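Student: Sharing a structure here in structure tokens format.
The values are calculated or read from the model by the stated rules, or taken from the named source; none is laboratory data. Source: prediction; values computed, not measured. Heads up, the Cβs are rebuilt from the backbone with ideal geometry, glycines too, and the neighbour counts pull from every protein chain shown. Accessible surface areas use protein heavy atoms only, side chains included; no ligands, DNA or RNA. Shrake-Rupley method; radii C 1.70, N 1.55, O 1.52, S 1.80 Å.
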Amino acid sequence: MLLLRCPLLLLLLPLGSRPQKLPTRDEELFQMQIRDKAFFHDTSVIPDGAEISSYLFRDTPKRYFFVVEEDNTPLAVTVTPCDAPLEWKLSVQELPEEASGEGSGEPEPLEQQKQQITNEEGAELFSYKGNDVEYFVSSSSPSGLYQLELLSTEKDTHFKVYATTTPESDQPYPELPYDPRIDVTSLGRTTVTLAWKPSPTASLLRQPIQYCIVISKEHNFKSLCAVEAKLSSDDAFMMAPKPGLDFSPFDFAHFGFPSDGNAGKERGFLKSSSKFGRQTASKPRADLHKVCIGNKNIFTVSDLKPDTQYYFDMFAVNTDTNMSTAYVGTFARTKEEAKQKTVELKDGKVTDVFIKRKGAKFLRFAPVSSHQKVTFSVHSCLDAVQIQVRRDGKLLLSQNVEGVRQFQLRGKAKAKYLIRLKGSKKGASMLKILATTRPNKQSFPSLPEDTRIKAFDKLRTCSSVTVAWLGTQERNKFCIYKREVDDSYNEEQKKREQNQCLGPDARKKSEKVLCKYFHSQNIQKAVTTETIRGLQPGKSYLLDVYVIGHGGQSVKYQSKLVKTRKFC
């Protein structure tokens, strides 16, 4: 087998769109040799000018090798830990005489050269321990057989390695600006605006760069690979390495996982979801988000929680190589939620409350005298609202309320009650609330469980309709109103008008049909009927029944749409 006459024994394919010629590489010879798969069967050869992704088992070292044949060769090696700190060192040993290219004529295979280095100690050039992206850079490296040894003592982990003999011309990682910090330019309760200086790789070299923002509640990240490891669906083991275009013509089975069999179109990583025969999918994490925003250098992060600390990282990603560089991360705490004014409730007095969509209101009730019981009456005008009542910090009640509800709680001397009302997700909420320590004080009229109005179709004529509704055992005043509507009037329009808190005083006098008092001690017989006359043939009418309590507060039954007969 021939030994490549280039500074570093490497695997390299030219870029598809921008061919790269290394200064000392015989490209014709190199392209001929890469067709021999056996030449590349070794699993630990580092390729030139391509970032590889691999893995480590805990406490099991892994070694990579490459040959530099000529003295004074530039060399750069970059190691990127992903989800665990690494210990790594780079050492070099003199090449055997047979590998110098001046002796026997047949070059010695790399496998034999590796066996020699495992039996002899090489000179250590560099070592590092930690989770930072770390570099070894030399403008003049000696010839020899180089070994990169990596170890993870914490857990099984993923990592990336990049090596090149032409660091000046390659520049695969986006360059950082002179000030690589992320600035927080605006801070709100749910938003943070970030700004940063553009990468010179984009602004000067005109290479395709996009920026990816990472938002975390836990800590900052030192590499995009660490973010991807955290976002992966299974922390117990990492995803299989994703080889780049430089490897795509070869069989990746020797890496320990199946090949996807597809060659990439651009230099970078091939998409792969194989994980030792198992399919994996990223699960969204509530505490970590990544968003790529193109080449903008200002961005507003929204939908954050108030009074919460967030960590922000920015990565410049070369979209041709898929390699990234981290800006200096920052953190910020969103502003506190604006403190809501607490409305004081007076004993026995009805209070109107308006709540924005998804909003909340706080009310306080502090009885001036000792009491055995306290009663809260709530009338929800539109959709259901949630009520929570705390006495001196202790939760006593948490309920959803539709229509009229009454809650009676045990009292306590000098107690103070805090009421939290939470609105609907559908839209704004309106309600009336009354708090009292007097058990006989009832402002809202009692209602039956069923507040529908029933129309009798067989009793319908060209000028009248007959309806019925349920009452209660309490004697209350009932008023019925009618309003002519168009034939196009539908249930959706009726639903929008279902504000039960609007009383008869909001209606026109011409719409009033009649008022009457009604009750029945026998709840089974608490039913009343009424015939509404003087209607027009073939017309639609909206009917409303209001029940008015002793305190003057009214509650509206569910509206009923009726239509007279057109022909009689």
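Student: S272 - would you say it is among the polar types (S, T, N, Q), at pLDDT 50 or above and buried (at least 19 other Cβ atoms within 10 Å of the Cβ)?
Tutor: no
Student: Looking at T466, T531, T472, which is the one that is outside any loop (DSSP other than H, G, I, E, B) and out of contact with any helix residue (DSSP H, G or I) (no Cβ under 6 Å at 6 or more places or on another chain)?
Tutor: The unique qualifying residue is T531.
Student: Report whether or not G552 is open to solvent by 20 Å² or more (accessible area, probe 1.4 Å), at positive phi, in the same structural domain as T466 (by the TED database) and part of a loop (DSSP other than H, G, I, E, B).
Tutor: yes
Student: Has region 170-177 got any residue that is open to solvent by less than 40 Å² (accessible area, probe 1.4 Å), on the phi < 0 side of the Ramachandran plot, within 38 Å of the chain's Cα centre (by Cα) and hydrophobic (A, V, I, L, M, F, W, C)?
Tutor: No, region 170-177 contains no residue that is open to solvent by less than 40 Å² (accessible area, probe 1.4 Å), on the phi < 0 side of the Ramachandran plot, within 38 Å of the chain's Cα centre (by Cα) and hydrophobic (A, V, I, L, M, F, W, C).
Student: Any chance you could count how many residues in region 418-433 are hydrophobic (A, V, I, L, M, F, W, C) and open to solvent by 20 Å² or more (accessible area, probe 1.4 Å)?
Tutor: Total meeting the criteria: 3.
Student: Additional query: Inspect region 417-437 for any residue being of a type in the set (D, E, K, R) and closer than 25 Å to G393 by Cβ and give the result as yes or no.
Tutor: Yes, there is a match, as at least one residue in region 417-437 is of a type in the set (D, E, K, R) and closer than 25 Å to G393 by Cβ.
Student: Checking K525 against (1) touching a residue at least 24 places away in the same chain (Cβ under 8 Å); (2) closer than 28 Å to Q406 by Cβ; (3) basic (K, R), which single condition isn't satisfied?
Tutor: (1)
Student: Name the single residue, out of those in region 353-378 being closer than 12 Å to L421 by Cα and touching a Lys or Arg at 6+ places or on another chain (Cβ under 6 Å), that is surrounded by the most Cβ atoms within 10 Å (Cβ to Cβ).
Tutor: Among them, the one singled out is V378.
Student: Which residues, taken from region 379-417, are in a loop (DSSP other than H, G, I, E, B) and either open to solvent by 40 Å² or more (accessible area, probe 1.4 Å) or among the acidic types (D, E) (or both)?
Tutor: Answer for region 379-417, where residues must be in a loop (DSSP other than H, G, I, E, B) and either open to solvent by 40 Å² or more (accessible area, probe 1.4 Å) or among the acidic types (D, E) (or both): D392, G393, K412, A413, K414, K416.
Student: Go over the candidates S127, S186, S152 one by one and state the one that is at pLDDT 90 or above, open to solvent by less than 50 Å² (accessible area, probe 1.4 Å) and of a type outside the set (A, V, I, L, M, F, W, C).
Tutor: Among S127, S186, S152, only S152 is at pLDDT 90 or above, open to solvent by less than 50 Å² (accessible area, probe 1.4 Å) and of a type outside the set (A, V, I, L, M, F, W, C).
Student: Is it the case, given these coordinates, that T190 is in a loop (DSSP other than H, G, I, E, B), polar (S, T, N, Q) and touching a residue at least 12 places away in the same chain (Cβ under 8 Å)?
Tutor: yes
Student: Return the pairs, sorted by first residue and then second, in which the second residue is open to solvent by 40 Å² or more (accessible area, probe 1.4 Å) and not in a strand (DSSP E or B), the first residue lies in region 389-406 and is closer than 28 Å to G549 by Cα, the beta carbons are less than 6 Å apart, and the residues are 6+ apart or on different chains.
Tutor: V404/L447
Student: Condition (residue is touching a residue at least 12 places away in the same chain (Cβ under 8 Å), assigned to a strand (DSSP E or B) and either open to solvent by 20 Å² or more (accessible area, probe 1.4 Å) or among the basic types (K, R) (or both)) applied to region 203-215: is it met by at least one residue?
Tutor: yes
Student: Could you please find all residues in region 498-533 being closer than 23 Å to A384 by Cα and open to solvent by 80 Å² or more (accessible area, probe 1.4 Å)?
Tutor: L502
Student: I'd like to check something: does region 450-460 contain any residue that is under 30 Å from R533 (Cβ atoms) and crowded, with 19+ Cβ neighbours inside 10 Å?
Tutor: Yes: one or more hits.
Residue-by-condition table, conditions (1) under 30 Å from D352 (Cβ atoms); (2) of a type in the set (K, R); (3) without any contact (Cβ under 8 Å) to a residue 24 or more places away in the chain:
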| site | (1), (2), (3) |
| --- | --- |
| H519 | yes, no, no |
| T529 | no, no, no |
| R533 | no, yes, no |
| Q536 | no, no, no |
| K539 | no, yes, no |
| Y546 | yes, no, no |
| G549 | yes, no, no |
| Q553 | yes, no, no |
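Student: Test of understanding: among T342, T321, which residue is buried (at least 19 other Cβ atoms within 10 Å of the Cβ) and more than 19 Å from the chain's Cα centre (by Cα)?
Tutor: Unique residue meeting the criteria: T321.
Student: Do you know which residues across region 217-250 are modelled with pLDDT of 70 or more and farther than 23 Å from V79 by Cβ?
Tutor: K217, E218
Student: Determine, yes or no, whether V465 is open to solvent by less than 20 Å² (accessible area, probe 1.4 Å), touching a Leu at 6+ places or on another chain (Cβ under 6 Å) and of a type outside the set (G, A, S).
Tutor: no
Student: Next up: With (1) modelled with pLDDT of 90 or more; (2) in contact with a Leu (Cβ under 9 Å, 6 or more places away or on another chain); (3) surrounded by fewer than 13 Cβ atoms within 10 Å (Cβ to Cβ) as the list, and E491 as the residue in question, which single condition is left unmet?
Tutor: The number of the failed condition is (1).
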